[in-house]
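Below is one structure, written out as structure tokens, with a few remarks after it.
The values are calculated or read from the model by the stated rules, or taken from the named source; none is laboratory data. Owing to the predicted nature of the structure, the values given are computational and were not obtained by experimental measurement. For neighbour counting, all protein chains shown are included, and Cβ atoms are generated from backbone atoms with ideal geometry for every residue, glycine included.
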Amino acid sequence: MKSDRLVDIILPLAIADVYTYLIPDAMPYPQIGMRVLVPLGKKHIIGIVYRKHEGEIPENIRIREIVQTIDDQAIVTAEQLRLWEWLAQYYMCSMGEVMAAALPSEIIDDNYSAATTQVITLSPTYLSAEAQETLLQSLQRAKKQQQLVADFLRLAGSGYRVERRELLETTGVSGAVLRTLIERGVFCEEEQAISRLRQYTGQTHAAHTLDTQQARAVEAIQTAWQEKNVTLLHGVTSSGKTEVYIHLIEETIKQGKQVLYLVPEIALTTQLTDRLQAVFGKQLLVYHSRFSNAERVEIYREVRGEELEVRGERLEVRGEEHPLKLEVRGKVILGARSAIFLPFKDLGLIIVDEEHEPSYKQQDPAPRYHARSAAIMMASWYGAKVLLGTATPSVESYHNAMSGKYGLVEMRERFKGLQLPRITMVDLQRQYHRKEMYGHFADPVVFRIREEIAKGKQVILFQNRRGYSPYLQCPNCGEVPKCPNCDVSMTYHKTTHSLVCHCCGHSASVPRVCPKCQNEMRAQGFGTERLEEEIQALFPCARVARMDLDTTRKKDGHQRIIDQFAQHEVDILIGTQMVTKGLHFNDVSLVVVLQADSLLNQPDFRSYEHAFQMLEQVSGRAGRTGDQGEVMIQTFDPKNPVFDYLKKHDYQSLYQQQIEERKLFNFPPFHRMIVLTLKHRDSARLLAGSEMLQEQLTQVFGKRVSGVIIPGIARVQNMHVRQIRIMIEVGANIAHAKQLILQQIQYIHHCPESKGCTIYADVDPM
């Protein structure tokens, strides 16, 4: 067997390793990063050429041949493959799982087709002004034809090209008249590829002039980058960080390089798109999961500077063949975490906005990567700089800045000297005792909402739970409807009159009475739906909107609600964490936080950190212009130390308390955490497998290994769940530790007692 004709192929499957295939003698050697069609079992599958195979192939192993190449050139760059490789190694998954996450499915399946439209062009015979005048005179007896030609010349300008649909709609002439002119050779009809992406048609302007604080921040960031590739920008809410980003983006573009601007939530792309397009126009591309697969393909190809061409199709225009082409863009890419997988040609800057957000961490399926960490790694390969921006840094990032690993730039004042919002605690225990509650709203809260609405101001209500109520319960026997697939109660959604499991998506009809004792079931607790109902009852004249997963499922759901609120068509906006960060509204004077205790009382060492971040971020939506805003927090625990830090907007004190606690208990950033999750339909096999794995790991890692942990939700989608936590000291050989862990996992997989047990690792879990 010719070893020089063997290549390793990445297949988009959760398999442990790459597959080796033989290049047929008649086939040119495929480039690294090209797609190829290969046999797998009885089927054919598309993979990516990863590398030339190294090492000997045993004689008894039959190597199958590549069926065909899909591309003329590589569609995955060397830097992308390097990222895939790092993600697979660091996050303990397969290259195939990374590939499946990184590429739009229409690239993997090779079923992309360009969107096309019919275009009318003027025959070369009539390109001169004299010929056009003669043509119009010759059509004096065919008034409709003459008018159509005249309208075409007006619409087309010097390009002599108009979309067929636009021409007919604008002129009001029938298709029969157009066909006649085509038959006479006046017009030619051709098919042209069009972009599925929205084209920016507005005017652009120069970036706004920076104030003193912003200008100093830009200068300090550029200075920090001279010594360190990563800089943390810690700026209070509404300090003007976005304008700082825009000026840094401008400088990067001037150098002929690309910029990746990461945001944690799709909702944040809405307002940012408008601000960035106003400066960068068509140079901006937006990329996130709400786009269709075909749209994601087009963005992917534009980022790498590729002309879009319809495979296997060519056009005949005036006797010549031409490929279907689209305009190339993609200097600035605004996107959620998946945007790190795009094929950048010359990346110069990565901005990770709201870098503290847990949303940057992918949960399921694999790869369970953190976009911030991935961005920092890929920047080093491109020679790019990284800017981490937030008002509430993660403890890990701030620790890296304080220890000198990252640069640190701080903006401690709001733009134009505006005051940070006033924080008011509302003691719910006292309010309930005095019977001063209106549903789930305390009397002082209702009073302040009424005051602000009367002034023509806007109010945001934050409740981090969607649906009408978390569960239904029988007041007689205590029965609670639970998901048949998961160990959780089902959430009641009044708008759809259904019970929904927020773990697996299972839905069921609402029971009329308790199935055990036939008593009426009652809704317990409250979500955004219930708040919307109560607010409309309390303020019947107010215009109310709700922003959560249920109201933003459609592609433009976020855009619609944000636009309505920005244009003052809504007085009160109720939302989940979607409303807590990155949004700018001029007239929001009051923010109300419902059920703040649910943020604090989480079984997680990061609960205080996350609670402070979320509350400080949502407070930043108030008073961004004009007078000082106010944040009212309803709680049963007003003396909690987190609220003391919040009232002073004192992140540094919170950080100091958290870092001391984590050092004491060996939590990140002083130790690396790896959580192994085991799943099985059979609880007995799961117990056997988890106990065996825990024992094996303890023999290797000692006290660094926890006991078998029963998670808060112990059964999901009919799979019983157990976890094991491993803590590895910073400075230890983490790569070697991961290899040892994988060896123990493989051992468990081969044990008959735990047969069928699924085991996966979550590195640096959030």
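Of all the residues in region 228-249, those that are in a loop (DSSP other than H, G, I, E, B) and over 28 Å from residue 565 (Cα atoms) number 2. Apart from one condition, residue 528 fits all of (1) surrounded by fewer than 21 Cβ atoms within 10 Å (Cβ to Cβ); (2) under 25 Å from residue 440 (Cα atoms); the exception is (1).
The number of residues in region 611-625 that are hydroxyl-bearing (Ser, Thr, Tyr) and surrounded by fewer than 24 Cβ atoms within 10 Å (Cβ to Cβ) comes to 1. Inside region 567-585, residues that are out of contact with any Ser or Thr (no Cβ under 9 Å at 6 or more places or on another chain) and modelled with pLDDT of 90 or more make up a count of 7.
On the stretch given as region 578-610, residues that are surrounded by 22 or more Cβ atoms within 10 Å (Cβ to Cβ) and within 15 Å of residue 265 (Cβ to Cβ) total 6.
Among the listed residues 181, 136, 167, identify the single one that is among the aliphatic types (A, V, I, L, M), more than 30 Å from residue 47 (Cβ to Cβ), modelled with pLDDT under 90 and not assigned by TED's automatic domain parsing to the domain that holds residue 288.
Just one listed residue meets the conditions, 167.
Which residues, taken from region 459-482, are over 28 Å from the mean Cα position of the chain (by Cα) and either of a type outside the set (D, E, K, R) or buried (at least 20 other Cβ atoms within 10 Å of the Cβ) (or both)? Residues satisfying the conditions are 471, 472, 473, 474, 475, 476, 477, 478, 480, 481. Of 9, 45, 15, all but one fail to be touching a strand residue (DSSP E or B) at 6+ places or on another chain (Cβ under 7 Å) and surrounded by fewer than 21 Cβ atoms within 10 Å (Cβ to Cβ); the exception is 45. Of the residues 426, 488, 409, the single one that is closer than 19 Å to residue 597 by Cα and either crowded, with 19+ Cβ neighbours inside 10 Å or of a type in the set (Lys, Arg) (or both) is 426. The number of residues in region 719-757 being at pLDDT 95 or above and within 14 Å of residue 686 (Cβ to Cβ) comes to 6.
Filtering 276, 262 for residues that are buried (at least 19 other Cβ atoms within 10 Å of the Cβ) and under 27 Å from residue 395 (Cβ atoms) leaves a single hit, 262.
For region 214-239, what are the residues that are closer than 14 Å to residue 391 by Cβ and over 23 Å from the mean Cα position of the chain (by Cα)?
217, 236, 239 - these are the residues of region 214-239 that are closer than 14 Å to residue 391 by Cβ and over 23 Å from the mean Cα position of the chain (by Cα).
Only a single criterion out of (1) assigned to a loop (DSSP other than H, G, I, E, B); (2) closer than 22 Å to residue 340 by Cβ; (3) among the acidic types (Asp, Glu) is not satisfied by residue 54, namely (2). All conditions but one from (1) surrounded by fewer than 21 Cβ atoms within 10 Å (Cβ to Cβ); (2) among the aliphatic types (A, V, I, L, M); (3) under 27 Å from residue 613 (Cβ atoms) apply to residue 442; the one that does not is (1). The set of residues from region 703-717 being surrounded by 14 or more Cβ atoms within 10 Å (Cβ to Cβ) and in a helix (DSSP H, G or I) comprises just one member, 704.
Checking 562, 574 one by one, the residue that is buried (at least 16 other Cβ atoms within 10 Å of the Cβ), touching a residue at least 24 places away in the same chain (Cβ under 8 Å) and under 20 Å from residue 447 (Cβ atoms) is 574 and no other. Going through (1) touching a Cys at 6+ places or on another chain (Cβ under 7 Å); (2) outside any loop (DSSP other than H, G, I, E, B); (3) of a type in the set (A, V, I, L, M, F, W, C) one by one, residue 545 falls short only on (1).
Right, residue 545: surrounded by fewer than 16 Cβ atoms within 10 Å (Cβ to Cβ), under 30 Å from residue 456 (Cα atoms) and not hydroxyl-bearing (Ser, Thr, Tyr) or not?
Spelling it out, it is not the case that residue 545 is surrounded by fewer than 16 Cβ atoms within 10 Å (Cβ to Cβ), under 30 Å from residue 456 (Cα atoms) and not hydroxyl-bearing (Ser, Thr, Tyr).
Close Cβ contacts (under 7 Å, 6 or more residues apart or on different chains) running from residues in region 365-376 that are modelled with pLDDT of 95 or more to residues that are in a loop (DSSP other than H, G, I, E, B) comprise 367/91; 367/93; 368/91; 368/362; 369/91; 369/362; 370/764; 372/355.
Any residue that is among the β-branched types (Val, Ile, Thr) and either more than 18 Å from residue 90 (Cα to Cα) or without any contact (Cβ under 8 Å) to a residue 40 or more places away in the chain (or both) - is there at least one of those in region 728-745? No, region 728-745 has no match at all.
In this structure, residue 670 qualifies as in contact with a helix residue (DSSP H, G or I) (Cβ under 9 Å, 6 or more places away or on another chain) and either among the polar types (S, T, N, Q) or over 20 Å from residue 89 (Cβ atoms) (or both). Taking only pairs six or more apart or across chains, which ones have beta-carbon atoms under 8 Å, a first residue in region 30-42 that is assigned by TED's automatic domain parsing to the domain that holds residue 70, and a second residue that is small (Gly, Ala, Ser) and surrounded by fewer than 21 Cβ atoms within 10 Å (Cβ to Cβ)? Once the first residue is assigned by TED's automatic domain parsing to the domain that holds residue 70 and sits in region 30-42, its partners that are small (Gly, Ala, Ser) and surrounded by fewer than 21 Cβ atoms within 10 Å (Cβ to Cβ) give 31/74; 32/74; 32/78; 33/74; 33/78; 34/74. When restricted to residues that are in contact with a Phe, Trp or Tyr (Cβ under 8 Å, 6 or more places away or on another chain), more than 15 Å from residue 180 (Cα to Cα) and part of a helix (DSSP H, G or I), region 114-145 contains 1.
When you look at residue 252, is it in a strand (DSSP E or B), modelled with pLDDT of 95 or more, among the hydroxyl-bearing types (Ser, Thr, Tyr) and surrounded by 14 or more Cβ atoms within 10 Å (Cβ to Cβ), yes or no? Working first, answer last.
Numbers: in a strand (DSSP E or B): no; modelled with pLDDT of 95 or more: yes; among the hydroxyl-bearing types (Ser, Thr, Tyr): yes; surrounded by 14 or more Cβ atoms within 10 Å (Cβ to Cβ): yes.
For residue 252, the condition - in a strand (DSSP E or B), modelled with pLDDT of 95 or more, among the hydroxyl-bearing types (Ser, Thr, Tyr) and surrounded by 14 or more Cβ atoms within 10 Å (Cβ to Cβ) - is not met.
Restricting attention to region 718-766, and to residues there that are of a type in the set (Lys, Arg) and under 30 Å from the mean Cα position of the chain (by Cα), which single residue is surrounded by the fewest Cβ atoms within 10 Å (Cβ to Cβ)? Going through the qualifying residues, I end up with 725.
Of all the criteria given as (1) of a type outside the set (A, V, I, L, M, F, W, C); (2) surrounded by fewer than 18 Cβ atoms within 10 Å (Cβ to Cβ); (3) in contact with a helix residue (DSSP H, G or I) (Cβ under 6 Å, 6 or more places away or on another chain); (4) outside any helix (DSSP H, G or I), the one not satisfied by residue 628 is (3). Within region 184-215, restricting attention to residues that are in contact with a strand residue (DSSP E or B) (Cβ under 6 Å, 6 or more places away or on another chain) and closer than 30 Å to residue 278 by Cβ, the residue that is modelled with the highest pLDDT is 213. Counting only residues that are closer than 28 Å to residue 611 by Cβ and among the charged types (D, E, K, R), which one in region 339-381 is surrounded by the fewest Cβ atoms within 10 Å (Cβ to Cβ)? Ranking the qualifying residues of region 339-381, first place goes to 364.
Can you find a residue that is part of a loop (DSSP other than H, G, I, E, B) and either farther than 30 Å from residue 264 by Cβ or outside the structural domain of residue 363 (by TED's automatic domain parsing) (or both) anywhere in region 682-702? Looking through region 682-702, at least one residue is part of a loop (DSSP other than H, G, I, E, B) and either farther than 30 Å from residue 264 by Cβ or outside the structural domain of residue 363 (by TED's automatic domain parsing) (or both).
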